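Student: Quick one: the structure is below, questions incoming.
The values are calculated or read from the model by the stated rules, or taken from the named source; none is laboratory data. For clarity, every value in this text was computed on a predicted model and none was experimentally measured. Please note: Cβ atoms are built from the backbone with ideal geometry, for glycine as well, and neighbour counts cover all protein chains shown.
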Amino acid sequence: MSTQNIEVREEVDEIIEKNGYDDHFHDHHASDKYKSSFVGKYIFSLDHKMISRQFLITGIVWAIIGAAFSVIFRLQLGFPEADMAWLKPLLGKWIVLNDAGIGSISQDFYYALVTMHGTILIFFVLTAGLSGTYSNFLIPLQVGARDMASPLLNMLSYWFFFLAGLVMLYSLFLSTGPFSGGWTAYPPLSALPQASSGSKGGMNLWIISMTLFIVSQLLGGINYVTTILNLRTKGMSMWKMPLTIWSFLVTAILGILTFPVLFAGVLLLLFDRSMGTSFYLSEIFIQGAALENVGGSPILYQHLFWFLGHPEVYIVILPAMGIVSEIMSVNSRKPIFGYRAMAYSLMAIAFLSLLVWAHHMFTSGMNPFITNFFVLFTLIIAMPSSIKTFNWLTTLFRGNLRLNSAMLYCIGFVSFFISGGLTGIWVGSSTLDIPLHDTYFVVAHFHLVMGVAAFFGMFAGLSYWYPKMFGRYMNETVLKVHFWITLIGAYCIFWPQHYLGLAGVPRRYYRFDSFNSFTGWEGVNEFITISAIVVFFTQLLWVFNFFYSMWRGKKVTERNPWHSNSIEWTTPIIPPHGNWPGKLPKVERWPYDYGKDGKDYITQITPYAEGEEVIAH
Amino acid sequence: MDVTLVSKNKGIQPLKFALWAGFASIIMMFIALTSAYIVRHSAGNWLEFKLPNAFIFSTITIILSSITMHMSYSGFKKGSETNYKLFLIATLALGLIFIMFQYQGWQEMHHIGVDLDGNPSGSFVYVISGLHAAHVLGGLAILTVAILHAFSLKYKPTEKRLLRFQLSTQYWHFVDILWVYLFVFFLLFR
């Protein structure tokens, strides 16, 4: 790949040479560990760009596994009578054959699938895959640093994540199956091995895996915050940072503050499981016997879990918001509308997210006066969220739109964020949440607002930064086909679920035909399942495009293909270790000078021209 | 690799900042546990018992160890090699004594019938003090490395070694203050 580094000197090189900041990085040729061996370069790499790609590819693998799980349980929900014996070679004893030889998914395994789908998608894909990829890749490149503050901790962050994944993967192959009590792992189901087959070894591995994952997140998060606050290049003041960096900063701070709380909760759970303590277990009869535990409170776990669990959904969505803000501005050829308002609302969302955890617990028997407090703060989140939404729309308004795939994904993101966000106001108020709790309405809500939306942010980022990551483009036509099918397909999957939920159909049920209240939805469930299958195979098309383009995609010939202002595009097409071959660029202006003074774009390193107006942003 | 660490602003050194961010997450973990303690405490059915005396001695020990750590640090900075090495060993010894007192405290609790798997009031003390002890063990490992450096390398207070020593010192003071907080907390919420 290094042959591509020979390229013509461009204007930006002259500016960096003239104004840049010489940190004598390239005077030290001693360290060879970044280049030489295969292991040093591709496996135990210390380079943030390689670590980012490791996060990305691991995330993609997990996304395929997690999505495949959802297709299998959707088959059960859409076609409960269908013969599943054809899955026997893959799933073995989890497909139960009846006397007539008709196979069906075992009930224990159905719950395991639902649980693993949630755990994998939320933690491994949308947290590690999304933040891990983009924070690693963009933070040093966009703030003008040679690498992360501690490349070693950065590498460890990836390998802890990898180990967490390995442990979770192993749990899938246990004879008692992986954990099956829902991704929230509420006790007593999760605390008592005798409660279900998934609560045996599978739960132990789930806890180990989560602990490793938390370590990974903390190492990563500490590194991201430190790099952003301490290693910005000359001139890159906080208010000159792209919104992507703002979003990664806020996300990382949120992670540092909340993941330890999940660890505390899971630690107590581990003690309840293996040491006989009663933190979460009160008087319980199980299988005809009374347990010795007294005085525990399962609600205590819910408090600890949701203190992470709620900020976690913002950890998922905030990076996507940052990515969308950046790409939307570039492709509208307009400054982002309300730059500071965007950054402040990120902070406001993060702050409020720490105060609303109990809105997941309205049906847990909370004091209704206390719920008022949580309802109020939950609904206040609508304000920074709508500030962001209106700012995206006003950025689009009268923009000179380039409707490339990256831009389409951004618009898709906003669409999902609106349609999923509006139902957030419904379920955020306790009066409505009590009937809607644990129904498909909630499933529809969070899948649209943080699941599909965050995925679209991820897709947008990959369309846009793929050339910087791999030096080639992905196939644009395939991306657009993928965009339209996924957009329409995702609405086909989740829109009908609102109606199911309003009719009271509960989530996580294995089948509905033994309840008179929930019959009549067979056709809708079939429709959802067929849509899910179509969307799933479209994602495989995307994955094929991703890997194929790595070797066969159109080569990038231009240093700054999107005519963007931010400084990652001033590096060579394939950035070397240390990112800039010579001096570090000096930043002169904010990243959104598009269409200023009749110029299409003015990069961040371009000094102010004589008499040019400095606009306060 | 070191070059990437050169901070462009004149503020705090990046690794020190990272350490403090790490403190923030450790603090959040203990806040979570002590909040859980308060929530469970207010729910009633709470066994009250006297905190073991060993915890008082361990508190005094760890405060002393912080003082010796600081004396070692100022010895290192002011060029007094003897003080640097001597007080570093003293700190490690006091740290080990702290762990022994904690262990004795758990034994005392066991003897008065407060076990890990009994009423949550006891379980909380075991888990929280145990988790803290795990952090002290990490600190002891760091101190051991510092001592190995002190005796194997030639005494030379370079910037790099000063930074490394500062990081070790700050971590040690942190686990000290953390225990004092936890001890006071246990005294206040019986």
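Student: Pairs needed: first member in the range A:12-23, closer than 13 Å to A:Val587 by Cα; second member anywhere, part of a helix (DSSP H, G or I); C-beta distance under 6 Å; at least 6 residues apart or different chains.
Tutor: Pairs found: A:Val12/A:Thr570.
Student: State yes or no: is A:His24 modelled with pLDDT of 75 or more, within 14 Å of another protein chain (Cβ to nearest Cβ) and exposed (fewer than 12 other Cβ atoms within 10 Å of the Cβ)?
Tutor: yes
Student: Does A:Phe362 meet the test of being of a type in the set (A, V, I, L, M, F, W, C) and free of Cβ contacts under 8 Å to residues at least 40 places away in the same chain?
Tutor: Criteria not met by A:Phe362.
Student: For residues in the range B:112-127 being not aliphatic (A, V, I, L, M) and not in a helix (DSSP H, G or I), which is farthest from the other protein chains (Cβ to nearest Cβ)?
Tutor: B:Gly113
Student: Residues A:Trp580, A:Trp569: which one is assigned to a helix (DSSP H, G or I), aromatic (Phe, Trp, Tyr), closer than 20 Å to A:Gly471 by Cβ and touching a residue at least 60 places away in the same chain (Cβ under 8 Å)?
Tutor: None of the others qualify; the one that does is A:Trp569.
Student: Pairs, please: C-beta under 6 Å, at least 6 apart or cross-chain, first residue touching a residue at least 60 places away in the same chain (Cβ under 8 Å) and outside any helix (DSSP H, G or I) and in the range A:316-337, second of a type in the set (A, V, I, L, M) and surrounded by 24 or more Cβ atoms within 10 Å (Cβ to Cβ)?
Tutor: Going by the 6 Å Cβ cut-off, there are no qualifying pairs.
Student: Okay, next question. Tell me whether the range B:140-156 contains one or more residues that are touching an Asp or Glu at 6+ places or on another chain (Cβ under 8 Å), among the hydroxyl-bearing types (Ser, Thr, Tyr) and under 21 Å from B:Phe30 (Cα atoms).
Tutor: Among the residues of the range B:140-156, not one is touching an Asp or Glu at 6+ places or on another chain (Cβ under 8 Å), among the hydroxyl-bearing types (Ser, Thr, Tyr) and under 21 Å from B:Phe30 (Cα atoms), which makes the answer no.
Student: Next question, about the same structure. In the range B:76-120, which residue that is surrounded by fewer than 20 Cβ atoms within 10 Å (Cβ to Cβ) and among the hydroxyl-bearing types (Ser, Thr, Tyr) is farthest from B:Ile147 (Cα to Cα)?
Tutor: B:Tyr103
Student: Of these, A:Ala112, A:Ala145, which one is touching a residue at least 60 places away in the same chain (Cβ under 8 Å), assigned to a helix (DSSP H, G or I) and at negative phi?
Tutor: A:Ala112
Student: Quick one: A:Leu270 ticks every box in (1) in contact with a helix residue (DSSP H, G or I) (Cβ under 6 Å, 6 or more places away or on another chain); (2) among the hydrophobic types (A, V, I, L, M, F, W, C); (3) within 7 Å of chain B (Cβ to nearest Cβ) bar one, so which box is it?
Tutor: (3)
Student: While we're on this one: Return only the number of the condition from (1) among the hydrophobic types (A, V, I, L, M, F, W, C); (2) within 31 Å of the chain's Cα centre (by Cα); (3) modelled with pLDDT under 90 that A:Trp580 does not satisfy.
Tutor: Of (1) among the hydrophobic types (A, V, I, L, M, F, W, C); (2) within 31 Å of the chain's Cα centre (by Cα); (3) modelled with pLDDT under 90, only one is false for A:Trp580: (3).
Student: Just one of (1) at pLDDT 90 or above; (2) facing another protein chain (nearest Cβ under 7 Å); (3) crowded, with 19+ Cβ neighbours inside 10 Å; (4) closer than 26 Å to A:Asn154 by Cα trips up B:Ala24, so point out which.
Tutor: (3)
Student: Could you say which residue among B:Gly130, B:Gly139 is free of Cβ contacts under 8 Å to residues at least 60 places away in the same chain and away from chain A (no Cβ under 14 Å)?
Tutor: Among B:Gly130, B:Gly139, only B:Gly139 is free of Cβ contacts under 8 Å to residues at least 60 places away in the same chain and away from chain A (no Cβ under 14 Å).
Student: Of all the residues that make up the range A:279-299, how many are touching a Phe, Trp or Tyr at 6+ places or on another chain (Cβ under 6 Å) and within 11 Å of chain B (Cβ to nearest Cβ)?
Tutor: Here the count works out to 2.
Student: A further question follows. Assuming A:Thr227 fulfils every condition listed in (1) part of a helix (DSSP H, G or I); (2) more than 8 Å from chain B (Cβ to nearest Cβ) apart from one, which condition is it?
Tutor: Every listed condition holds for A:Thr227 apart from (2).
Student: Residue by residue through the range A:232-256, note down the ones that are closer than 23 Å to A:Arg340 by Cβ and within 13 Å of chain B (Cβ to nearest Cβ).
Tutor: A:Arg232, A:Thr233, A:Lys234, A:Gly235, A:Met236, A:Ser237, A:Met238, A:Leu249, A:Ala252, A:Ile253, A:Leu254
Student: Also, I was wondering about something else. Right, A:Thr211: within 27 Å of A:Val443 (Cβ to Cβ), surrounded by fewer than 24 Cβ atoms within 10 Å (Cβ to Cβ) and of a type outside the set (A, V, I, L, M) or not?
Tutor: So A:Thr211 does not fit the description; no.
Student: While we're looking at this one, here's another question. Would it be correct to say that A:Leu166 is within 25 Å of A:Val61 (Cα to Cα), within 23 Å of the chain's Cα centre (by Cα) and at pLDDT 95 or above?
Tutor: Yes: the conditions hold for A:Leu166.
Student: Can we say B:Ile12 is under 30 Å from A:Asp47 (Cβ atoms), at pLDDT 95 or above and within 14 Å of chain A (Cβ to nearest Cβ)?
Tutor: No; evaluated as a whole, the condition is false for this residue.
Student: Also, quick follow-up: Hey, does the range A:46-66 have a residue that's under 23 Å from A:Leu113 (Cα atoms), buried (at least 16 other Cβ atoms within 10 Å of the Cβ), at pLDDT 90 or above and of a type in the set (Phe, Trp, Tyr)?
Tutor: yes
Student: Right, next: Being more than 22 Å from the chain's Cα centre (by Cα), without any contact (Cβ under 8 Å) to a residue 60 or more places away in the chain and part of a helix (DSSP H, G or I) is the filter here, so list the residues in the range B:15-60 that pass it.
Tutor: If the condition is that a residue be more than 22 Å from the chain's Cα centre (by Cα), without any contact (Cβ under 8 Å) to a residue 60 or more places away in the chain and part of a helix (DSSP H, G or I), then B:Val39, B:Ser42 are the ones that fit.
Student: Do we have A:Leu254 as without any contact (Cβ under 8 Å) to a residue 40 or more places away in the chain and part of a helix (DSSP H, G or I) here?
Tutor: no
Student: Looking at A:Ile286, is it out of contact with any strand residue (DSSP E or B) (no Cβ under 8 Å at 6 or more places or on another chain), surrounded by fewer than 24 Cβ atoms within 10 Å (Cβ to Cβ) and within 30 Å of A:Met450 (Cα to Cα)?
Tutor: no
Student: Would you confirm whether or not the range B:33-43 contains a residue that is out of contact with any Lys or Arg (no Cβ under 9 Å at 6 or more places or on another chain), surrounded by fewer than 20 Cβ atoms within 10 Å (Cβ to Cβ) and under 30 Å from A:Asn223 (Cα atoms)?
Tutor: yes
Table: residues versus (1) more than 14 Å from chain A (Cβ to nearest Cβ); (2) within 27 Å of B:Glu48 (Cβ to Cβ); (3) modelled with pLDDT under 90.
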position	(1), (2), (3)
B:Leu88	yes, no, no
B:Phe98	yes, yes, no
B:Tyr103	yes, yes, no
B:Ala134	no, yes, no
